[in-house]
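Reading through the C-alpha cells given below for one structure.
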Amino acid sequence: MKVSDYVLSGFMSIKGLIFNIQRYSVHDGPGIRTLVFIKGCPLRCLWCCNPEGQLPKPEVMYFENLCSRCGACVKVCPYSASVIKDGKVVILRDLCRACGECVKVCPNNARRLVGNYVTVDEVLNEVIKDMKFYVRSGGGLTVGGGEPLTQPEFVKELLRRAKEEYYIHTAIETSLYAPTEVVKEVLKYVDYIFVDIKHIDLVRHRE
C-alpha cells in the first residue's frame, strides 16, 4: 500500500481536515508548543478526550444548556436537519451537512462548527507566529487529534516543511493505528513521538 492510498477519503493531499490549533501548549512535548488537532480517528474509545475529533468530516456541535429554543436554526436549515421535538431542538444527523447556517444565526452560541479544511501554508502561518517561544523554550509543533495518521500526506508535508523550512522541533501524538509504511513515512519528519496504547485486549477495549 502506498502512503497516498491511505489518505482520508474526499480531499486532496495538499489539504487536511483539522478541528483546532492550540497555541501555548505545554503538555504535548518539550517547551512551549503549537498543537494542531487532526480530525478523524478509526478508533471509538469510550474515554476519548476529544470525541469531536473522531468523525472524518465537519460536524455541528450542539450545547443544549445554551439553547433558548428560539427556533432560528430550524427556520434557516436548508436540509431540514434541525427540528423541535417535545420542546427540545434536535439535530437529525443523517440529514445534516454541516453547512454552518444554523451556527451563524444562533443567538446564544449553542452551536459550533467543528472541522475545516486547510492547506499546509495556512497551518504554518499560525505555527510560525510563536517562533520566539519555540527558540527560547525548546518547543515547537505537535500534531495530535483525532489520529494524525489518518491523513498521512497532509501531516507528513506539514511536519517536513516545519522542519526543513523553519527548523521547528516536531512531535506527534498517535495510537499508531495505521499501516507500517504510513508510520515509517510520517516518522521521517518527527523528532518526538507520543504513542498512546489504548488497550492490549481487543475485547476489553470495546467494553
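No lab work stands behind these numbers, since they all come straight from the coordinates. What you see is a predicted model; the values in this text were computed from it and never measured. Neighbour counts run over all protein chains shown; Cβ positions are idealised from the backbone, glycine included.
Have a look at Phe37, Tyr177, Asn109 and report the one farthest towards the positive end of the charge dipole of the chain, computed about the Cα centre with Cβ charges (Lys/Arg +1, Asp/Glu -1).
Of the candidates, Asn109 comes out farthest on the positive side.
Picking from Tyr134, Gly145, Phe19, whose Cα lies most toward the positive end of the charge dipole for the chain (charges on Cβ: Lys, Arg +1; Asp, Glu -1)?
Sorting the options by dipole projection puts first Phe19.
Would you compute, from DSSP H runs of 4+ residues alone, the mean residue ellipticity of the chain at 222 nm, taking -39500 (n - 2.57) per run and dividing by the full residue count, rounded to the nearest 500?
Computed mean residue ellipticity for the chain: -6500 deg cm²/dmol.
Rounded to the nearest 20 Debye, what is the dipole magnitude of the chain about its Cα centre when Lys and Arg each give +1 and Asp and Glu each give -1 at the C-beta?
Roughly 520 debye for the chain.
Quick one: among Pro179, Pro152, Pro30, which has the greatest mean-square fluctuation in a GNM of the chain with alpha-carbon springs under 10 angstrom?
Of Pro179, Pro152, Pro30, the most mobile in the Gaussian network model is Pro179.
Please label the shape of region 59-114 as rounded, prolate or oblate, based on the square roots a ≥ b ≥ c of the eigenvalues of the alpha-carbon gyration tensor (a/c under 1.5 means rounded; beyond that, a/b larger than b/c means prolate, else oblate).
In terms of gyration-tensor shape, rounded.
Restricted to Cα positions, what overall size does the chain have along the principal axes? Three whole-Å values, descending.
Largest first, the chain extends 53, 44, 30 Å along its Cα principal axes.
On a straight-distance basis, which aspartates and glutamates could pair with Lys184 in a cross-link, Cα separation under 15 angstrom, same-chain partners fewer than 8 positions away excluded?
Asp5, Glu153, Glu157, Glu173
Rounded to the nearest 20 Debye, what is the dipole magnitude of region 105-205 about its Cα centre when Lys and Arg each give +1 and Asp and Glu each give -1 at the C-beta?
So the magnitude is around 280 debye.
Using the Cα centre of region 48-146 as the reference point, and only Cβ charges (+1 on K/R, -1 on D/E), how large is the resulting charge dipole? Debye, rounded to the nearest 20.
280
Between Val83 and Arg136, how many nm apart are label points set 7 Å from Cα along the C-beta direction?
The answer from the label model is 5.6 nm.
Kindly state, to the nearest 0.05, the FRET efficiency for Cys70 paired with Phe194, given R0 = 45 Å and r defined as their beta-carbon distance.
0.55
Only Cα pairs within less than 10 Å get springs; with that Gaussian network setup on the chain, which residue of Leu158, Leu113, Leu92 has the largest fluctuation?
Largest GNM mean-square fluctuation: Leu92.
If you fit an axis through the alpha-carbon atoms of helix 152-166 and take the longest principal axis of the Cα set of the chain, what angle between them do you get, 0 to 90°, nearest 10?
The angle comes out near 50 degrees.
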